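The structure under discussion appears below in the form of structure tokens.
The values are calculated or read from the model by the stated rules, or taken from the named source; none is laboratory data. Given the structure is predicted, the values throughout are model-derived calculations rather than measurements. As a convention, Cβ positions derive from the backbone with ideal geometry for all residues, glycine included, and neighbour counts pool all protein chains shown.
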């Protein structure tokens, strides 16, 4: 039997949350009803009051209640709910969480869920679940469950939806995979243009006794990789594909944000970093490419993806950014440079081959990286087996010197 947090604005959606809680209890689980409402009296009695939620983050609710500013109240609860929920999970007081909401409730509920580790059951029943959920899900495994109708009373549709949602969260807390003897975890970044490299490296690392988790460098993948490193579960990082920084700098569609490459440096986790796919910026179909890029070099990866070659000037700036990120590393980090191409299509004779742009990138990295960070240049393409093998050898050496399994 598990305890599931049912978190919501009980002043406006208390009846719906109580219905959901009853369905969970019918399946044999306990409920911890958490109120994150602020402006009206709760419709049902919570197990944890809004004052207790606010107090977890040192917030005084009285001024918010007096001003009756809904936006301010929602903002306050998006700060407080994650603190409370993370504490409950850390103390093993809850084993799952579910919430219902419209715009405000979804903002609060998913903020709380993003504070929980990957693998912890999280389900958000929301009016926004059929739209762009990226701002709500972030880099966490939050299940967004469409409410179909507004969360505004119980009716023949909402009862069915909420009953199914209760069954879903109960199934999530009941479904467990035995951990056994887990191997140390390596996280790796991959793109279609670096797949062969990462696949070969993964095989070698698995033979050496590691479990390798591969993330697509498409924005969410990079953010998830960083969050896993921050969680403390990662032994080493194989950052073959740092392309998300090209999108962040130039304005492509697959940026992982300005904090990419910071987690391993901050945590002191051994890392291998290469300039994989920094030759390309990602856009959608050709008609979605901003007009300001007219005249640049493009490559149609497929009908939905248009790639744009980075310039020498952009590569200088990318080298500066990556060097600055790596210079903050507290643990062993090695940079490997494939001199014959940083992607499939930047090799000699391929559409994105640009020796001047590559040299601008490589020279900046070598000039700006602080002493103590090795830079290994290989006369190979990034997808050559020899390059993958060199990356693995350097990572295993870093893991050995950093105290990991080697």
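Things worth noting here:
- So residue 63, is it at pLDDT 95 or above and either surrounded by fewer than 17 Cβ atoms within 10 Å (Cβ to Cβ) or in contact with a helix residue (DSSP H, G or I) (Cβ under 9 Å, 6 or more places away or on another chain) (or both): no
Table: residues versus (1) modelled with pLDDT under 95; (2) under 18 Å from residue 265 (Cα atoms); (3) in the same structural domain as residue 276 (by TED's automatic domain parsing).
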position: 194; (1), (2), (3): no, no, yes
position: 201; (1), (2), (3): no, no, yes
position: 205; (1), (2), (3): no, no, yes
position: 214; (1), (2), (3): no, no, yes
position: 220; (1), (2), (3): yes, no, yes
position: 232; (1), (2), (3): yes, yes, yes
position: 239; (1), (2), (3): no, yes, yes
position: 242; (1), (2), (3): no, yes, yes
position: 247; (1), (2), (3): no, no, yes
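- Residue match in segment 274-289 (condition: part of a helix (DSSP H, G or I), closer than 22 Å to residue 355 by Cβ and either out of contact with any helix residue (DSSP H, G or I) (no Cβ under 9 Å at 6 or more places or on another chain) or in the same structural domain as residue 232 (by TED's automatic domain parsing) (or both)): no
Results for (1) more than 12 Å from residue 34 (Cβ to Cβ); (2) surrounded by fewer than 24 Cβ atoms within 10 Å (Cβ to Cβ); (3) modelled with pLDDT under 90; (4) in contact with a helix residue (DSSP H, G or I) (Cβ under 8 Å, 6 or more places away or on another chain), shown as yes or no for each residue.
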| residue | (1), (2), (3), (4) |
| --- | --- |
| 81 | no, no, no, yes |
| 102 | yes, yes, no, no |
| 107 | yes, yes, no, yes |
| 118 | yes, yes, yes, yes |
| 144 | yes, yes, no, yes |
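- Subset of segment 389-406 [touching a residue at least 12 places away in the same chain (Cβ under 8 Å) and either crowded, with 19+ Cβ neighbours inside 10 Å or in a loop (DSSP other than H, G, I, E, B) (or both)]: 390, 391, 392, 394, 395, 396, 398, 399, 402, 404, 405, 406
- Criterion (surrounded by fewer than 16 Cβ atoms within 10 Å (Cβ to Cβ) and touching a residue at least 40 places away in the same chain (Cβ under 8 Å)) met by exactly one of 386, 356, 300: 356
- Verdict on residue 98 being touching a residue at least 60 places away in the same chain (Cβ under 8 Å), outside the structural domain of residue 277 (by TED's automatic domain parsing), part of a strand (DSSP E or B) and surrounded by 24 or more Cβ atoms within 10 Å (Cβ to Cβ): yes
- The set of residues in segment 367-380 that are in contact with a helix residue (DSSP H, G or I) (Cβ under 7 Å, 6 or more places away or on another chain) and part of a loop (DSSP other than H, G, I, E, B) comprises 369, 370, 373, 380.
- The set of residues in segment 128-139 that are surrounded by fewer than 20 Cβ atoms within 10 Å (Cβ to Cβ) and in contact with a strand residue (DSSP E or B) (Cβ under 8 Å, 6 or more places away or on another chain) comprises 129, 130, 133, 137.
- Some residue of segment 179-192 being at pLDDT below 95, under 26 Å from residue 338 (Cα atoms) and out of contact with any strand residue (DSSP E or B) (no Cβ under 7 Å at 6 or more places or on another chain): yes
- For segment 1-45, the set of residues classified as closer than 18 Å to residue 68 by Cα and in a helix (DSSP H, G or I) consists of 10, 11, 12, 13, listed by residue number.
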